[in-house]
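The values are calculated or read from the model by the stated rules, or taken from the named source; none is laboratory data. Given the structure is predicted, the values throughout are model-derived calculations rather than measurements. When we count neighbours, we look across all protein chains shown, and the Cβ atoms used for this are built from the backbone with ideal geometry, even at glycine.
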Ligand code: OTU
């Protein structure tokens, strides 16, 4: 007698039935949920099978994920469910030319959540539609990595406020037209997280939440192919525990990587994610996505399974909090950055290449690498967009592709060394005042910390400093997607070197650009006899022009070449209208002759100066000058 083979469809049906049964034991399964379950469960099931097919607890964990999703939907506040519906009818909401993000630390900018609430009128004055509050969850004092070492995803750091205040703030922001963005720090937890503490105490269930090994055998084997990410903190990817065991810690020694090969970790973190979604967060910034999956003999970065895990989280989100969007934070090779961007994975992604190359162009006075990046690396799948920025709370890493640079005759390694010297003020005549971050003597690798104003030359008193701040923002505000403003940059905040006196911060030079809200500069923002006032006036002008320029919506862009290496050119097109952007990254004036502009209608409108321009006369770009010109193709 032959035993009939189990057909995959039976497995699917049985898994589906188990999931629905688990969901109904944890409460009512409502029709709305059921509809989305039917739409997304097949995808989730396929991903789960690929990731966890060999695990005996696969079916049970998958069922529990669905049960958590259903229970989470049941407790999702009504206003958020209404909001989910609105998003469904306008899924491309983040592509609008009205989008503008602000970024800040709760404590540094507002003191606490109540202080952030008091800033809402200012956020409206600026025109923010998106507010990224850097991590505000419970995190050990002194060993917090600015909040990126989370000891509880369900508790706000008591020095900042409470979860109720956070949910109220989210609702108030939403009423003000501002979407709250929070991090989902899901690659690692703090070593003080309850799971980590239980793992340390030898509880086998939680030991399997992390990558803990009894001796150096496996760590040595992994480290043959992994890269050091925070070498200032510890060498390699592992740290020793007091009992002699070793735990995987990509970042600081107190940030332990979670073991996503264990489906229980996925199940538990899906629960934390949905809890955050139900507080009213509209965009989850997926921190350090590149590192979430490890496999011996590989770099353990951006492995195919990292994408499967993200897509599985996305499928869960689509069932239980459908209005929420993922933003990818991958500061890696540009081929990898773009691999996280799709409607089923992350609809938004930082554009670290454009950010870094903007600084590269300002240092070299040569825009060709940036131009090349816009030509070949800007396009994204439909329904997705870049998040563009001049700087973040993190360092600047020179993540351009060596192969791209080589085409322009640039040696990647040597160029990075030059850029690091330049931006840390060690290059003769450099206008920048930055600080090195994670300098690695073995690999020669380093990154740069500093505020926009300090890196651009204002701190050094360089005459081009203010123009460079404005130019860098003029690029980020006009290439498409969601532009971000690191709050403080709009009033030309300078480096704060006092971190070096703080034992909890001195080891991490990124604190140099994370100073407190510069009250005096904000107070002077109306006074154009100060750098704060001038930068504020010019940036807010750009912001208001962007809002009124529908050509700036969406993500598509076509480049516009001029014969000048120092000029970056691109066009944003809407219907038969074109906005041509020309930006001069050099310290010298550039004349664009009429021939170069011959593909365009002769009359154009300078949107920033609000004046007509006759293209028969060519265009003069001042040092660090730019134009946003509305015209039509001839
Ligand atoms: C992120 O950045 C956060 O933005 C940092 O503030 C955290 O310290 C870190 O994760 C750990 O949570 O190395 O220097 O893409 O470049 O994820 C910044 C890879 C970082 C890393 C990025 C990380």
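Some notes on this structure:
- Only one of the numbered conditions (1) surrounded by fewer than 22 Cβ atoms within 10 Å (Cβ to Cβ); (2) within 14 Å of the ligand (Cβ to nearest atom); (3) under 26 Å from residue 200 (Cβ atoms); (4) at pLDDT 95 or above is not met by residue 232, and that is (4).
- Top-ranked residue of the range 443-457 - restricted to ones that are without any contact (Cβ under 8 Å) to a residue 40 or more places away in the chain and more than 16 Å from the ligand (Cβ to nearest atom), ranked as nearest to residue 508 (Cα to Cα): 444
- When residue 107 is tested against (1) within 16 Å of the ligand (Cβ to nearest atom); (2) part of a strand (DSSP E or B), only condition (2) is not met.
- Within the range 521-539, considering residues that are within 25 Å of the chain's Cα centre (by Cα) and more than 15 Å from residue 628 (Cα to Cα), the one surrounded by the fewest Cβ atoms within 10 Å (Cβ to Cβ): 536
- Among all residues of the range 157-180, there is none that is within 15 Å of the ligand (Cβ to nearest atom) and under 30 Å from residue 556 (Cβ atoms).
- For the condition crowded, with 20+ Cβ neighbours inside 10 Å and either within 25 Å of residue 280 (Cβ to Cβ) or in contact with a strand residue (DSSP E or B) (Cβ under 7 Å, 6 or more places away or on another chain) (or both), residue 360 does not qualify.
- Among the candidates 470, 491, the residue that is in contact (Cβ under 8 Å) with a residue 60 or more places away in the chain and either closer than 20 Å to residue 521 by Cβ or touching a strand residue (DSSP E or B) at 6+ places or on another chain (Cβ under 9 Å) (or both) is uniquely 470.
- Verdict on residue 16 being surrounded by 13 or more Cβ atoms within 10 Å (Cβ to Cβ), under 16 Å from residue 319 (Cα atoms) and under 33 Å from the mean Cα position of the chain (by Cα): no
- Residue within the range 571-580 that is closer than 27 Å to residue 105 by Cα and in contact with a strand residue (DSSP E or B) (Cβ under 9 Å, 6 or more places away or on another chain) present: no
- Cβ-Cβ under 7 Å pairs, at least 6 apart or on other chains, the range 334-363 side more than 16 Å from residue 482 (Cα to Cα), far side within 14 Å of the ligand (Cβ to nearest atom) and assigned to a helix (DSSP H, G or I): 334/353; 336/290; 337/352; 337/353; 340/289; 340/310; 345/310
- Search result, residues across the range 279-300 that are within 30 Å of residue 161 (Cα to Cα), within 14 Å of the ligand (Cβ to nearest atom) and not in a loop (DSSP other than H, G, I, E, B): 284, 285, 286, 289
- Considering 146, 177, the condition of being part of a loop (DSSP other than H, G, I, E, B), out of contact with any helix residue (DSSP H, G or I) (no Cβ under 6 Å at 6 or more places or on another chain), modelled with pLDDT of 95 or more and more than 20 Å from residue 241 (Cα to Cα) is satisfied by 177 alone.
- When the range 585-610 is filtered for residues that are assigned to a strand (DSSP E or B) and out of contact with any helix residue (DSSP H, G or I) (no Cβ under 8 Å at 6 or more places or on another chain), the ones remaining, listed by number, are 590, 591, 592, 605, 606.
- Restricting the range 301-336 to residues that are farther than 30 Å from residue 81 by Cβ and away from the ligand (no atom under 12 Å from the Cβ), the residue that is nearest to the chain's Cα centre (by Cα): 334
- Any hit, the range 403-415, residues being more than 17 Å from the chain's Cα centre (by Cα), at positive phi and either away from the ligand (no atom under 16 Å from the Cβ) or without any contact (Cβ under 8 Å) to a residue 60 or more places away in the chain (or both): yes
- Taken over the range 239-262, residues that are within 16 Å of the ligand (Cβ to nearest atom) and either assigned to a loop (DSSP other than H, G, I, E, B) or over 25 Å from the mean Cα position of the chain (by Cα) (or both) amount to 9.
- All positions within the range 46-60 that are surrounded by fewer than 20 Cβ atoms within 10 Å (Cβ to Cβ) and either closer than 17 Å to residue 271 by Cβ or under 30 Å from the mean Cα position of the chain (by Cα) (or both): 46, 49, 50, 57, 60
- When the range 509-533 is limited to residues that are over 30 Å from residue 230 (Cβ atoms) and in a loop (DSSP other than H, G, I, E, B), the one that is nearest to the ligand (Cβ to nearest atom) turns out to be 525.
- A single member of 429, 383 is over 19 Å from residue 372 (Cβ atoms), without any contact (Cβ under 8 Å) to a residue 12 or more places away in the chain and away from the ligand (no atom under 16 Å from the Cβ), and it is 429.
- Just one of the numbered conditions (1) free of Cβ contacts under 8 Å to residues at least 24 places away in the same chain; (2) within 25 Å of the chain's Cα centre (by Cα) is not true of residue 84: (1).
- Taken together, the criteria place residue 202 among residues that are without any contact (Cβ under 8 Å) to a residue 40 or more places away in the chain, on the phi > 0 side of the Ramachandran plot and assigned to a loop (DSSP other than H, G, I, E, B).
- Selection from the range 219-235 of residues that are under 25 Å from residue 198 (Cβ atoms) and free of Cβ contacts under 8 Å to residues at least 24 places away in the same chain: 234
- Within the range 500-513, residues that are over 20 Å from residue 423 (Cα atoms) reach partners that are assigned to a loop (DSSP other than H, G, I, E, B) and away from the ligand (no atom under 11 Å from the Cβ) with beta carbons closer than 7 Å, at six or more positions or on different chains, in the pairs 504/142.
- Residue satisfying condition, being in contact with a helix residue (DSSP H, G or I) (Cβ under 6 Å, 6 or more places away or on another chain), more than 12 Å from the ligand (Cβ to nearest atom) and outside any loop (DSSP other than H, G, I, E, B), within set 124, 117: 117
- Residues being in contact with a helix residue (DSSP H, G or I) (Cβ under 7 Å, 6 or more places away or on another chain) and away from the ligand (no atom under 16 Å from the Cβ) - total across the range 181-207: 5
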